[in-house]
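Since the structure comes first, as structure tokens, the remarks are kept for the end.
The values are calculated or read from the model by the stated rules, or taken from the named source; none is laboratory data. What you see is a predicted model, and the numbers here were worked out from it, not measured in a lab. In this analysis, Cβ positions are derived from the backbone assuming ideal geometry, glycine residues included, and neighbour counts consider all displayed protein chains. With ligands, DNA and RNA removed, areas are computed over all heavy atoms of the protein, side chains included. Shrake-Rupley method; radii C 1.70, N 1.55, O 1.52, S 1.80 Å.
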Amino acid sequence: MWLDGLFMAAPFYAAYTSLFQPTNISAWDDILLQFTLVESHCRDSATGMLRHGYDESKRAVWADPITGASPLVWIRAQGWYIMALVDVLEWFPREHRGYGMLKGWFLELAKALRREQDAESGGWWLVMGREYVGRRGNYIESSGTAMYTYGLLKGVRMGLFEGTGEVYLQVARRAYEGMVEKFVKRDGRGMLTWEGTVRVGSLDGRGDYQVSWRFCCWGMRGADIFPVLYRH
């Protein structure tokens, strides 16, 4: 199971249920279950961040023998995840026992992102974790940075941070300003472009493999998110 997959299904599932079957407790329980599985296998209690995915059978060459989790924290996978959390919370019924769980997971990840934000650029590293900061081939990546900024800004707008909203608003503003400076460019024709988005990632446990995938110009996984986060 990949973190990415939570965004591909859960927000639509939650929106549909809220609009057409709001009393369908089985559906709300099912949405909660998907996040619970990821949290129980992929959350690193030491850092508050989540591994890219897990193998239930624990047979994959990269799988942790106890949790089944992949070994690395990949920026975009965690970006899909924070967007999934905040988008689902927008629809999830507050009286359901899972609302508090989802909100808690969102806040825990937000705290980790605040700690891991690069002080110079305001962004986040492709392969995350203190041991990978500045490692050869690793870089501040634009799509994941945009996704984190979206999640934090929407969380502030929804009031999820309660008394600490201003703190996370500043984190998001630093990230936004850094993206404008570093990733929004003009090409030879004077047209706006978006840079610094990694082409693809993998559950492979080798850090050198992950950073071997270079970034591309006008990578849509980042360019699509940037204007969406702007409205928050």
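Within straight-line reach of K111, meaning a Cα separation under 25 Å, sit the following lysines at least 8 residues removed in sequence or on another chain: K103, K154, K182. Sorted largest first by accessible area at a 1.4 angstrom probe radius, with every protein chain in place, the residues T67, T23, T145 fall in the order T23, T67, T145.
Working out 0.36 nm times the residue gap between V61 and M8, then minus their Cα-Cα distance, what length gain in nm do you get to one decimal? Can you show the working numbers first?
Values: separation 53, 0.36 × 53 = 19.08 nm, distance 2.55 nm.
Between V61 and M8, full extension yields 16.5 nm more.
So what is Rg over Rh here for the chain, counting just Cα atoms and using Kirkwood for Rh? A ratio of 0.97. Based on alpha carbons, the Rg and Dmax found for region 126-193 are 14.8, 46 Å.
Could you work out the relative contact order of the chain, using alpha carbon pairs under 8 angstrom and six or more residues apart, expressed as a whole percent? List each step's numbers first, then the result.
On the way: 367 pairs, mean separation 42.1, N = 232.
That works out to 18 percent.
Give the residue from A27, F183, A10 lying farthest towards the positive end of the charge dipole for the chain; charges sit on Cβ (+1 for Lys and Arg, -1 for Asp and Glu) and the dipole is referred to the Cα centre. Going by the Cα projections, it comes out as F183.
Note on K185: aspartates and glutamates with a C-alpha under 20 Å away, same-chain residues under 8 apart excluded, are E120, E141, E177, E195, D224.
Only the Cβ atoms of Lys and Arg (+1) and of Asp and Glu (-1) were treated as charged; on that basis the dipole of the chain about its Cα centre amounts to roughly 500 debye. Here the contact order of region 46-110, divided by its residue count and restricted to Cα pairs under 8 Å and six or more residues apart, works out to 27 percent.
Using a 1.4 Å probe on the protein chains only, how many percent of the accessible area of the chain belongs to carbon and sulfur? If you can, show how the numbers build up before the last one.
On the way: 6100 of 11270 Å².
Here it works out to 54 percent.
Positive end of the dipole of region 67-133 (Cβ unit charges, origin at the Cα centre): among G98, L109, Y132, the Cα lying farthest that way belongs to G98. The H on the amide N of V73, modeled in the peptide plane, is under 5 Å from the matching H of M128, each at least 5 residues off or on a different chain.
GluC sites (Glu not before Pro) within region 64-170: which are DSSP loop residues with at most 11 other Cβ atoms inside 10 Å?
On the way: sites: E90, E95, E108, E116, E120, E131, E141, E162, E166; in loops: E95, E120, E141.
In loop regions of region 64-170 (DSSP not H, G, I, E or B), the sparsely surrounded GluC sites (Glu not before Pro) are E95, E120.
Expressed in units of 2.2 N^0.38 Å, where N is the residue count, the Cα radius of gyration of region 22-125 is 1.16.
By a 1.4 Å probe calculation restricted to protein chains, D87 has an accessible surface near 20 Å², given to the nearest 10. Projected label points at R173 and A15, each 7 Å from Cα along the beta carbon direction, are separated by 3.0 nanometres.
Residues S143, S26 ordered from highest to lowest accessible area at a 1.4 Å probe: S26, S143. About its Cα centre, region 53-97 has a charge dipole of approximately 100 debye under the convention of +1 per Lys or Arg Cβ and -1 per Asp or Glu Cβ, with nothing else charged. The heavy atoms of L169 offer some 40 square angstrom of accessible surface to a 1.4 angstrom probe. The string of couplings for region 4-18 from the Karplus curve (6.51, -1.76, 1.60, θ = phi - 60°) is 3, x, 5, 6, 5, 10, 5, x, 5, 4, 5, 5, 4, 4, 4 Hz, one whole number per residue in order, with x for Gly and Pro. Close amide H contacts of R43 (hydrogens built in the peptide plane, cut-off under 5 Å, sequence separation of 5 or more or a different chain): R51.
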